[in-house]
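Trainee: Take a look at the following structure, please.
The values are calculated or read from the model by the stated rules, or taken from the named source; none is laboratory data. Just so it is clear, the structure is predicted and the values come from calculations on it, not from any experiment. Counting neighbours? That spans all protein chains shown, and the Cβs are built from the backbone with ideal geometry, glycine included. What goes into the accessible areas is simple: the full protein's heavy atoms, side chains included, and nothing from ligands, DNA or RNA. Shrake-Rupley method; radii C 1.70, N 1.55, O 1.52, S 1.80 Å.
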There are 2 protein chains.
Amino acid sequence: MTSKKNIGIVKSKIFKSLNPLKLQSGEILEEYNLIYETYGTLNKKKDNAVLVCHALSGNHHLAGRYSLKDKSPGWWDNLIGPNKPLDTNKFFVIGINNLGGSDGSSGPKSINKQTKKPWGADFPIATVEDWVDSHEALITSLNISKLSAVIGGSLGGMQAIQWAIKFPERLKHAVVIAAAPNLTAQNIAFNEVARQSIITDPDFNKGNYYGKKIQPRRGLRIARMLGHITYLSDDVMGSKFGRKLKHKNYQYTFNTEFEIESYLNYQGDKFAKEFDANTYIRMTKALDYYDPANGKRRNLSKVFKKIKSKFLVISFTSDWRFSPNRSKEIVKALLDNNIDIKYAEITAASGHDAFLMEEPRYHAILQSYFNKML
Amino acid sequence: MTSKKNIGIVKSKIFKSLNPLKLQSGEILEEYNLIYETYGTLNKKKDNAVLVCHALSGNHHLAGRYSLKDKSPGWWDNLIGPNKPLDTNKFFVIGINNLGGSDGSSGPKSINKQTKKPWGADFPIATVEDWVDSHEALITSLNISKLSAVIGGSLGGMQAIQWAIKFPERLKHAVVIAAAPNLTAQNIAFNEVARQSIITDPDFNKGNYYGKKIQPRRGLRIARMLGHITYLSDDVMGSKFGRKLKHKNYQYTFNTEFEIESYLNYQGDKFAKEFDANTYIRMTKALDYYDPANGKRRNLSKVFKKIKSKFLVISFTSDWRFSPNRSKEIVKALLDNNIDIKYAEITAASGHDAFLMEEPRYHAILQSYFNKML
């Protein structure tokens, strides 16, 4: 067995589209940029490309580091690299920051050419469908006619589904991890609490805060704390934190008493300094909106009729955000269409977050699936 | 079968204690008031009294109305009244607003005699243990030596447990509904997000906002929205709201798209106008702190050793806040001590909130239990 290596120093690139993009909302983006990264080499046949779609707080920086001093690698560094499950010795891996993001793709933070100011609240809401349409333009610009695979977890998995629905000829495999065919009322409810927390933060200033001294961190912090609860399982929180105290005894103040409180406050503070509030609420909107079967009006099996790619669907037992039952809805609709589908339900304690972790059985399944792909 | 009646017009009373109360925190309340209500008549033997303990957002106003024009009755009006499961033809029912409340008992809103101003943030944190100690003083003042029962749901159930532990000679029955012997890390986490949302609201002003023009509603609103998600089950949210839209189609704005969002925003707005932020964070603290078995250091079975009352424990299948498994921990520790215990797990879709609802099987069990009590 050859040993895993890290990807080393990486650099982002920009794709500039001058073709207008008609969004689901009806609005038109006359031009837009997508920031992206690639790892590995596109082969001569151009048939070894894998597109990795990011979730709520992710971006195009999947793996590697920007400099030798860079403390943290890309968000899926444990999966992507030489001899890693998604092996960059074999595959040409692409990460794209979605529209509405704040890491270099067109979004609320970028300059609106009309006003010469940041778009702020005026940047249109982009959906999963819009993202996939813009991804397709970028993939085409790289002269890739057919992706070997589109892979994503959570909101990223929804993009993989949408690729298979919208561009059936353009991908061989869709790998859908810890995802769902749409959000439940409870999922939407958590998103709405997060959004309200951001939107009602006076520092949010209706989304127009770029260049201001005070940034809207309070609401974003609460949103992230809440998010973290839904990413982890009740059990893993129990075994990791339980009722462990910060001090020997109760202090009877409103400061932190329990370690779980410290953890959440730390995560909230950290995230609120790094992430953009406008992007956060847009990402939750994309989650809410995605519903290829459109409620009761259409049927997921019908929507999947034209799919030509093969599927790998993975869920995690303790994921209560997108539970295994939601993955099974996808599996059922694929089976209804005689699509080549493999499904794995991984026993994992860590909840929704498991898709980002180096769980051995999970990574072994991905490795084996990718190995057979070429 | 005699038909159920409503209780009619009720009036609150005040219990003034001039005896200092030593709190768990070590602080001493030199004197305090408890506002309370009673329904039905205390019999000659004074053995028909039932104390009802309230949960996070409840108070002493259990049943009946304050005037003919009063639009909404007390919070447990479906349970308490003539010929209702807790029958006021037979029982003398008592409701007390807990210390730290804002409905008339001593709390952050009441005047600190030392400063002649509202206590605000300086009002000490009261715990479940402190509440039960103060309840006991009130019950003694009514010349009741032994309560027929102490009953409560959720945080109220914790008070019923504490009564049985602390004053084993003073109650015949403890009725513990949708409760737990302590909070899990996930429970504490949700409470902490709610608290942070209130505490970081600039209008909260460190808890000193009484008499100010602007009241801290933003954070309290978010806290309540979040609370509501945890009171309802995923399933009931799905069947009640699902992905139902407000408008015919998506609007692609940050206004309300889904009915579940409207519902939560409505509930949040309503609550934030009516409830006190200081009280809310204190109630969540009491929940966090209560842990008679004190983590791993003591054992619930040992703590229950001196209990002399009988128990009825009730849980609801879809309650994921205080799941049936948490009730079973209580049951097990009671059985370890050969305590007379009855346990019912009610199949109900509505989650934690089920304890407040007129679920027929649930009310039938309570009715039968109370019928046999006298």
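Trainee: Being open to solvent by less than 10 Å² (accessible area, probe 1.4 Å), in contact with a helix residue (DSSP H, G or I) (Cβ under 6 Å, 6 or more places away or on another chain) and acidic (Asp, Glu) narrows it down to one residue among A:Asp288, A:Asp336; which is it?
Mentor: Sole residue among the options that is open to solvent by less than 10 Å² (accessible area, probe 1.4 Å), in contact with a helix residue (DSSP H, G or I) (Cβ under 6 Å, 6 or more places away or on another chain) and acidic (Asp, Glu): A:Asp288.
Okay, residues lined up against (1) out of contact with any strand residue (DSSP E or B) (no Cβ under 8 Å at 6 or more places or on another chain); (2) open to solvent by less than 10 Å² (accessible area, probe 1.4 Å); (3) farther than 23 Å from A:Lys372 by Cα; (4) aliphatic (A, V, I, L, M):
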| residue | (1), (2), (3), (4) |
| --- | --- |
| A:Ile111 | no, no, yes, yes |
| A:Phe123 | no, yes, yes, no |
| A:Val128 | yes, yes, yes, yes |
| A:Leu138 | no, yes, yes, yes |
| A:Lys146 | no, no, no, no |
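Trainee: To continue, here is another question. Could you pull out the residue among A:Val313, A:Val303 that is touching a residue at least 40 places away in the same chain (Cβ under 8 Å), β-branched (Val, Ile, Thr), in contact with a Pro (Cβ under 7 Å, 6 or more places away or on another chain) and within 25 Å of A:Pro168 (Cβ to Cβ)?
Mentor: Matching residue, one of A:Val313, A:Val303: A:Val303.
Trainee: Could you pull out the residue among B:Lys305, B:Lys328, B:Lys342, B:Lys273 that is assigned to a loop (DSSP other than H, G, I, E, B) and either away from every other protein chain (no Cβ under 11 Å) or open to solvent by less than 60 Å² (accessible area, probe 1.4 Å) (or both)?
Mentor: After ruling out the rest, the residue left standing is B:Lys305.
Trainee: Next question, about the same structure. Could you figure out which of (1) more than 25 Å from A:Phe271 (Cα to Cα); (2) touching a Ser or Thr at 6+ places or on another chain (Cβ under 7 Å) isn't true of A:Asn112?
Mentor: (2)
Trainee: For the structure I just gave you, tell me whether A:Leu264 is buried (at least 22 other Cβ atoms within 10 Å of the Cβ) and more than 24 Å from A:Val50 (Cα to Cα).
Mentor: Yes.
Trainee: Read through the list (1) surrounded by 18 or more Cβ atoms within 10 Å (Cβ to Cβ); (2) more than 14 Å from every other protein chain (Cβ to nearest Cβ), then give the number of the only condition that B:Leu29 fails.
Mentor: (2)
Trainee: A further question on this structure: Residues that are open to solvent by less than 10 Å² (accessible area, probe 1.4 Å) and within 10 Å of chain B (Cβ to nearest Cβ): find the helices (runs of 4 or more DSSP H) completely inside region A:167-260 holding 3 or more of those.
Mentor: In region A:167-260, the matching helices (runs of 4 or more DSSP H) lie at A:185-199, A:218-231.
Trainee: Need the failing condition index for B:Gln159 against (1) more than 25 Å from B:Lys372 (Cβ to Cβ); (2) away from chain A (no Cβ under 14 Å), just the number.
Mentor: (1)
Trainee: Taking region A:133-165, which residues are more than 20 Å from A:Asp288 (Cβ to Cβ), out of contact with any Leu (no Cβ under 8 Å at 6 or more places or on another chain) and in a helix (DSSP H, G or I)?
Mentor: Within region A:133-165, A:Glu136, A:Thr140, A:Ser141 meet the criteria.
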